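The values are calculated or read from the model by the stated rules, or taken from the named source; none is laboratory data. It should be emphasised that the depicted structure is a prediction, and the values quoted were computed from it without experimental measurement. All Cβ positions, even for glycine, are placed from backbone atoms using ideal geometry, and neighbour counts span all protein chains on display.
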Amino acid sequence: MTITPEILSEIAQKVSHKKKDRIPFGFVLLGAFLSSLLLISAALFIYYGIEVRELKKKTKTFERVMTSIQRTGNTEVHPLLGNLSIPFDLQTIPLANKTGLVLDTKKISIRGVSAPYNPSMVEHGQGHLLFFRFDVVDREARAGFYTYIGYCELDSNFEQTEKEFKVIDTGTKFSEDPRALRVGEEIYLVFNDLQPEGYFGSRSMHIGKLNLQESKLEYSTDLDLQIKSVEKNWVPFARIENEKPEIYFEYYLNPHKIMKLPNPKENSLTHLHYSNSSVIPKIFWPIAWGEPRGGAVTRRIGDQYLGFFHSAFEDPHKIFWYVIGAYTFEKDPPYRITGISHYPILFDGIYDTAHLNTAETRKRVLFPGSFSEGIKDGKEVLYLCCGENDSGLKLITIDKQILLKNLKKL
């Protein structure tokens, strides 16, 4: 190709046009400066936004701890129990083993049973009959496991006797959370079970008279109220009326709702009503610790009934904490709640049962099932039997007088 003067002239004209199209260097610098300023502003906004959020978190934490101190009157903070991190709402609660309320704790093991939990016991001879729930993993089960109720004998030291545990024939593979109730000379078992009809997961309460010789229920009465799809944690208690023991249930604690069961062989539940609703006040229990729900079988102690409830709440790390407290109510209608714990009962060694079998590791569970009275070292005590972490059984020895004295009077 021959380069002619015409071609050179054309090239020069194109180069001249390109120079005219270029952005002035000053504008480039200005754009770079503004971009840098924008990036710096964004970074500062993010940084200070994080700082504000952290400050709000610290402020909220401080407020919660101060609120806890006001509730408990305790300024000692214990963020750890053993190796266990305790959420803010429990950190200033006095440990019951240091205040003299809890005298001792003991783990109960059952031969041949993996991870028994949610127990209940009644006096039997020189010892107790201990009832408990246990789960058996099975791929054929819709939930992945079946649930059964077993029982065994404990001696006076709450150790299993030479007799092996037995499974109670309830007629199903889905019976949960037994509560044993002695009514006169008879023992009744209260538990929840799947409904034979309806969608999977629908549960109702059942009651049956226990036949110890054959390790089965003579009958099982479905106490379905057709109110909720899942009914559980009803608390049974016995009351003498006209020299005859009668069966009652605490259906709800806050406010106190009482059911009467005249005939355990049929669903004859009667909801007790009283003309003046103001005599059934709501009990004091901070919502931070969850709603009070049923727990241990209530028993007549002197001129009132005593029980232990549970409540549950979720911490910021998505861990559920089940805590317990005590309460009393009148021995006669309208069964008003008369006292309640000021705060949950915590102690060294709580929640230290390893999560086994079907237990959910994101739960820290202490669940009261029943208690009995006794004497230890000259003191009146209560032996409170609890399930722990849905994996084990724990017996808590409580100073009876300290417990009753320190309840918040309502």
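Some notes on this structure:
- Filtering segment 299-339 to residues that are touching a helix residue (DSSP H, G or I) at 6+ places or on another chain (Cβ under 9 Å) and either of a type in the set (A, V, I, L, M) or within 17 Å of residue 362 (Cα to Cα) (or both) leaves 301, 306, 311, 312, 313, 315, 316, 321, 323, 326.
- Answer residue from segment 298-309, given it is surrounded by fewer than 22 Cβ atoms within 10 Å (Cβ to Cβ) and touching a Gly at 6+ places or on another chain (Cβ under 9 Å) and is nearest to residue 386 (Cα to Cα) among those: 299
So that you can scan it fast, the table gives a plain yes or no per residue for (1) within 20 Å of residue 132 (Cα to Cα); (2) surrounded by 17 or more Cβ atoms within 10 Å (Cβ to Cβ); (3) in contact (Cβ under 8 Å) with a residue 60 or more places away in the chain; (4) assigned by TED's automatic domain parsing to the domain that holds residue 391:
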| residue | (1), (2), (3), (4) |
| --- | --- |
| 167 | yes, no, no, yes |
| 173 | yes, no, no, yes |
| 204 | yes, yes, no, yes |
| 207 | yes, yes, no, yes |
| 214 | yes, no, no, yes |
| 221 | yes, yes, no, yes |
| 226 | no, no, no, yes |
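- Selection count where residues are under 21 Å from residue 238 (Cα atoms) and acidic (Asp, Glu), scope segment 113-140: 1
- Test: residue in segment 265-287 that is under 23 Å from residue 372 (Cβ atoms) and at pLDDT 95 or above: no
- When residue 208 is tested against (1) over 27 Å from the mean Cα position of the chain (by Cα); (2) under 24 Å from residue 246 (Cα atoms), just one condition goes unmet, and that condition is (1).
- Consider segment 126-140 and keep the residues that are surrounded by fewer than 18 Cβ atoms within 10 Å (Cβ to Cβ) and within 25 Å of the chain's Cα centre (by Cα). The one that is nearest to residue 397 (Cα to Cα) is 136.
- Among the residues here, residue 240 does not qualify as in a strand (DSSP E or B), of a type in the set (Val, Ile, Thr), in the same structural domain as residue 344 (by TED's automatic domain parsing) and at pLDDT 90 or above.
- Residues in segment 226-237 that are among the hydrophobic types (A, V, I, L, M, F, W, C) and either modelled with pLDDT of 90 or more or closer than 16 Å to residue 297 by Cα (or both): 230, 234, 235, 237.
- Evaluated against (1) crowded, with 21+ Cβ neighbours inside 10 Å; (2) free of Cβ contacts under 8 Å to residues at least 40 places away in the same chain; (3) of a type in the set (D, E, K, R), residue 231 falls short on exactly one condition, (1).
- Test: residue in segment 175-197 that is in a loop (DSSP other than H, G, I, E, B) and at pLDDT 95 or above: yes
- When segment 208-223 is filtered for residues that are in a strand (DSSP E or B) and charged (D, E, K, R), the ones remaining, listed by number, are 209, 216, 222.
- Pick from segment 253-275, criterion in contact with a Lys or Arg (Cβ under 6 Å, 6 or more places away or on another chain) and of a type in the set (S, T, N, Q), ranking: surrounded by the most Cβ atoms within 10 Å (Cβ to Cβ): 254
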